[in-house]
1. Here are the criteria: (1) in contact (Cβ under 8 Å) with a residue 60 or more places away in the chain; (2) crowded, with 19+ Cβ neighbours inside 10 Å; (3) under 16 Å from ASN68 (Cα atoms). Tell me which single one ASP171 does not satisfy.
2. Just checking, does region 116-125 include any residue being open to solvent by 10 Å² or more (accessible area, probe 1.4 Å), part of a strand (DSSP E or B), under 30 Å from TYR64 (Cα atoms) and not hydrophobic (A, V, I, L, M, F, W, C)?
3. Right, SER198: at pLDDT 90 or above, out of contact with any Cys (no Cβ under 7 Å at 6 or more places or on another chain), more than 25 Å from PRO279 (Cα to Cα) and in a helix (DSSP H, G or I) or not?
4. For region 201-219, what are the residues that are assigned to a loop (DSSP other than H, G, I, E, B), open to solvent by less than 30 Å² (accessible area, probe 1.4 Å) and farther than 24 Å from LYS117 by Cα?
5. Answer with yes or no whether LYS389 is among the basic types (Lys, Arg), modelled with pLDDT under 75 and surrounded by fewer than 10 Cβ atoms within 10 Å (Cβ to Cβ).
6. Here's a check for you: in region 146-168, which residue that is part of a strand (DSSP E or B) and under 15 Å from HIS252 (Cα atoms) is least open to solvent (accessible area, probe 1.4 Å)?
7. Open to solvent by less than 40 Å² (accessible area, probe 1.4 Å), β-branched (Val, Ile, Thr) and either at positive phi or at pLDDT below 90 (or both): does that describe THR299?
8. Where residues in region 174-195 are in a loop (DSSP other than H, G, I, E, B) and open to solvent by 20 Å² or more (accessible area, probe 1.4 Å), which of them is nearest to VAL254 (Cα to Cα)?
Amino acid sequence: MKGRKIQCGQTRQCSVYMGYRYINRYALLCFIIFSFWWIIFRCKNNNCEDCQRIISKDESIGSYAIPNIVHFITCQGDASETVLDELGPRLGYRRMERAPDEFQLINYLVLLSARNKIKPDQLYVHYSFEPTGYWWTKAKQDLELNLTLNKIPSITSIYNHPLYHHAHRTDIARLEILDKYGGIYLDLDVLSLKSFSSLTSNPHHVEAIFAWERKKFNTICNAVIIAPIHSKFLRRIYHSYQSFNSSCWGCHSVGLTGQLANIYKNEVHVLPSKAFFTPSWFNIEELYFQINRRNRASTQKNIEIALTREAQEPRNSAADPFTRRRCAPMLVTQTPLIHSAEDLKRETERREAQTKKKNEEQRSTNEKNKLLITKDTTTKITTHNRTDKP
């Protein structure tokens with residue numbers, strides 16, 4: 001009986017021990033669940049201390065929130081033609097051209113699409129030399145656009161490396177502007193087709209948002225950049241210009257940025273190329289042969305809005321060359337209406353026939369010119385021979 005009592009006591013102690021053990025496990029599990037719940041729901045507010053990020057070496061902190069501000073940069077200036085010919089950037093064997101001083105219609109449409117689609121709190125246009133032309137005057141006076149103009153110093157060097165081309169100067173300017181203000185940077189040839197609200201909310205809590213230009217080559221285009229104030233990733237790009245080479249067109253802004261994105265994956269969110277860069281600059285014809293009806297309708301709507309507003313404004317048509325009567329037919333009649341693959345094929349065949357006809361006419365004109373030159377030369381030789389005879 002004694003042995004049995006001892007055995008029963010040991011069993012009782014074992015059951016109590018096992019009970020405490022399970023209680024400890026359940027308590028630990030509840031603590032973990034509560035901790036995850038606290039982090040998730042507490043960090044929904046980007047301004048909370050737990051979600052703040054270190055943005056400099058002195059451990060100052062900032063928010064991941066991205067301001068709803070849009071930035072455009074224009075007229076950064078170029079070096080002289082002689083300097084560009086000798087030291088300027090090249091794409092293959094072609095030297096990159098100087099930027100025009102005149103503000104174009106497409107630039108005005110880009111501003112208009114950004115205002116209508118993104119609906120920013122502020123729409124900045126930064127420049128070192130003020131643009132010229134009718135559409136610049138129009139943009140400044142447009143109350144709906146409500147531009148905030150900001151004249152910035154001309155950037156001619158970075159880490160003692162000279163910047164000869166306006167595109168390289170703009171590459172640096174956009175990094176400095178986004179570091180100061182944060183928000184959305186767009187090139188002046190990027191038409192906005194929808195809101196950026198899902199990106200400016202920054203759900204991934206990253207330092208910058210880009211899109212691939214060509215994923216297989218690991219190149220990121222900086223024509224569209226979305227970033228909070230004092231982005232660490234943009235500062236990495238900025239510091240990489242210590243090895244800048246002015247003769248290379250996109251080594252830093254495109255190639256090196258892609259390499260940094262692969263190294264610091266937790267700091268940047270890179271979208272597919274079609275998010276920002278379809279069509280790309282090397283497939284620009286797709287802008288006019290796009291079979292995406294929503295995109296085509298949106299782009300056409302922006303053009304119609306601009307032309308309608310132009311028609312509604314009383315102006316002196318003799319003094320103003322950009323009247324609706326003169327520019328609207330070119331935009332409306334020369335833009336093909338593509339609704340299906342058959343329409344695209346038909347339009348392509350029509351263009352090929354036009355090109356072939358033009359080439360034949362050019363060839364015929366060249367042959368006639370050659371004949372005329374030959375006849376003229378023969379006549380001159382005959383006349384010369386006759387005059388030489390005694």
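The values are calculated or read from the model by the stated rules, or taken from the named source; none is laboratory data. What you see is a predicted model, and the numbers here were worked out from it, not measured in a lab. Methodologically, a virtual Cβ is constructed for each residue, glycine included, from the backbone with ideal geometry; neighbour enumeration extends over all protein chains shown. Heavy atoms of the whole protein, side chains included, go into the accessibility calculation; ligands, DNA and RNA do not. Shrake-Rupley method; radii C 1.70, N 1.55, O 1.52, S 1.80 Å.
1. (3)
2. Yes, that holds for at least one residue.
3. No.
4. none
5. Taking the combined requirement at face value, the residue satisfies it.
6. Only one residue fits best here, namely ILE158.
7. So THR299 passes the test.
8. If we take residues in region 174-195 being in a loop (DSSP other than H, G, I, E, B) and open to solvent by 20 Å² or more (accessible area, probe 1.4 Å), then ASP187 is nearest to VAL254 (Cα to Cα).
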